[in-house]
1. Pop a pseudo-label 7 angstrom from the Cα along the beta-carbon direction at both LYS157 and VAL375 and give the gap in nm to one decimal.
2. Between GLY19 and residues 5 or more places away or on another chain, which pairs have amide H atoms under 5 Å apart, with H built 1.01 Å from N, and which residues are they?
3. Filter the trypsin sites (Lys or Arg not before Pro) in the range 136-184 to those in DSSP coil with at most 11 other Cβ atoms within 10 Å of their Cβ, and list the result.
4. What is the distance in Å between the Cα centroid of the range 115-193 and that of the range 347-372?
5. Counting only other residues whose beta carbon sits under 14 Å from that of ARG371, what net charge do I get with K and R as +1, D and E as -1?
6. What ³J(HN,Hα) values, in whole Hz, does the Karplus curve 6.51 cos²θ - 1.76 cosθ + 1.60 give for the range 358-363 when θ = phi - 60°, with x put for Gly and Pro?
7. How much length would be gained if the chain were fully extended between SER282 and PHE117, taking 0.36 nm per residue of separation minus their Cα-Cα distance, in nm to one decimal?
8. Give me the extension gain from LYS49 to ASP129: residue separation times 0.36 nm, minus the current Cα-Cα distance, reported in nm with one decimal.
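Rule-based calculations on the coordinates, nothing more; no lab input. This one's a predicted model, so the numbers in the text were calculated from it and none came from an experiment. FYI the Cβ positions are ideal-geometry reconstructions off the backbone, even for glycines, and counts take in every protein chain you see.
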Amino acid sequence: MAANTDSTSGPLTNVLILGKTGVGKSALLNYLFGKKVASSGTGAPVTTKGIHPKEPFKYGSMNIKIWDSWGLEPGDSETWKSIITSAIAETRAARVRDWFHTIVYCVDAQKSRIDDFEIQSIIKPLLEDGNQIVFVLTKSDVAGEAKIKETTRVINKDCPGSPVIPMGSEEIKLRGGKTTKPFGREQLLSHIAINLRHNLMNQFCRNTQEQAKRFAGHAHKRVLDAVKKELGTLGTATYGKKFEAYLGEMISREYQLATESLFSLTNRNYQEINQLSSSVFSEFRGEVIAFEKELLPAVAVSSKVKSLFSRKDLLALLAGGPGFLFLFVKNLLRAKHYAQETEKLLKAADERLKNEAETLLKKVREREKSRSWKV
Ligand SMILES: Nc1nc2c(ncn2[C@@H]2O[C@H](COP(=O)(O)OP(=O)(O)OP(=O)(O)O)[C@@H](O)[C@H]2O)c(=O)[nH]1
Ligand SMILES: [Mg+2]
C-alpha cells in the first residue's frame, strides 16, 4: 500500500462498526487509527447510545471515516433501526448502503457463535438490502485456532460470500514478558477499499447512462434546430439531395462530437477509480477501455439518411401545381415531412448512442466481476 499522506483530497468512504456490547468495537477502532480515539473497557457498556463518527483518516488516496457504535443487545433492534434511519435521513443518501459502503460486524472469536437475534434482526436485513458486510473476529489473539475456525464456519454458513477476518486489536503482554503484535488491520482496510470500489463502479455505471442520455439530447437538439432553420418557415430552403447531404453531415458531426465527449468523460472517470484502487493495491494496474472504437454510432446513422428521403421525396409527388397558394401549401407539407423524417433519424441516433454505452457498460461490469483482489 502507498504511504499515508496529509492530503484530504480523494473519495471518502463511511464505515459503520457494529457488534454486541464488549466484543471489542472501540478497541478495533483504536487499532485502525493507531491511537486512542474511543474509550474501551470491560464491565458495563462503554460506548454510549447511537453512532459516533470519528475524523477521517487516509489509506492510499481514500479517506476512511469510521463510525463507532453502541453495543447491540437482544430487544434493541428496533431502537437500532431508528438510530440508523435518522442518521441516514440527515444525509443525502437514499439507503444505508449509499452512506455506509462497508459495515464491519464484530463477533467475539472466543464465543464461536452468533446469537439468533443478531442474525435475524440485524445481519439478514442488512444483507437483504444489499449492504456489504465484513465480519471481524475480535480477540482472535486469545481465542485459539479451533475457535477461530468454528466461528468462521458458523458465519460462512449463515452469510455465504461475506469476508471473515481474524483480528487482534490489542498488544497483549504475555507472562514471559513478551508482547503479541496486533494483526488484521491491512486485511480489513483492503476490504474497505474493495467495497468503496464496488460503490464507485455502480455510481460510474449510473452516471455513464445518464451522460449518454444527456449528450444524445444535446446533439439531437442541435441538429433539429439547424434543420428547422434550414427548412425555413416557408420551406424555401434546401430540399432533395442537397438536404440529404446537409442532414447527413449534421448528424455525423453532432453525434460524433457527443460520442467523443462521452468517451473522454467516461474514460477520465474510470481512470480515477482505477487510480484509487492502485493506491491501495500496488500491483493493480487499471486498464484503459477501448471506448473510442466502440462508440461510433454517427457514421452508421448518417448512411440511413439517403434511403429515407429518396424514397419519399415529396418534391416529385407534389411538383407541377400552379399558383402561389399551392406552392405555399406544398412547401409547408414538404417542410413538415422533412422535419418528421429528421426526427425519426435522430431518435434512432439517440438509441444507438445509448445502446452503445450500455454494451460498453456490460463489458465493464463483466470485467469487474471477474477481478480478484489480493488481500
Ligand atoms: N485480547 C484482546 N482483547 C480485546 C480485543 N478487543 C477488545 N478487547 C478487550 O475487550 C474489552 C471490550 O472492548 P471494547 O472495545 O470496549 O468493546 P466494545 O465493543 O466497544 O464495547 P461497548 O462499547 O461496551 O459496546 C476491553 O477490555 C478490551 O481491552 C482484542 O482484539 N484482543
Ligand atoms: Mg465501545
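1. Output for this residue pair reads 2.3 nm.
2. It is LEU72, CYS106, by chain and number.
3. Answer by residue number: ARG175, LYS178.
4. 37 Å
5. +3
6. 5, 4, 5, 5, 4, 5
7. Length gained between SER282 and PHE117: 55.4 nm.
8. Extending this stretch completely gives an extra 26.4 nm.
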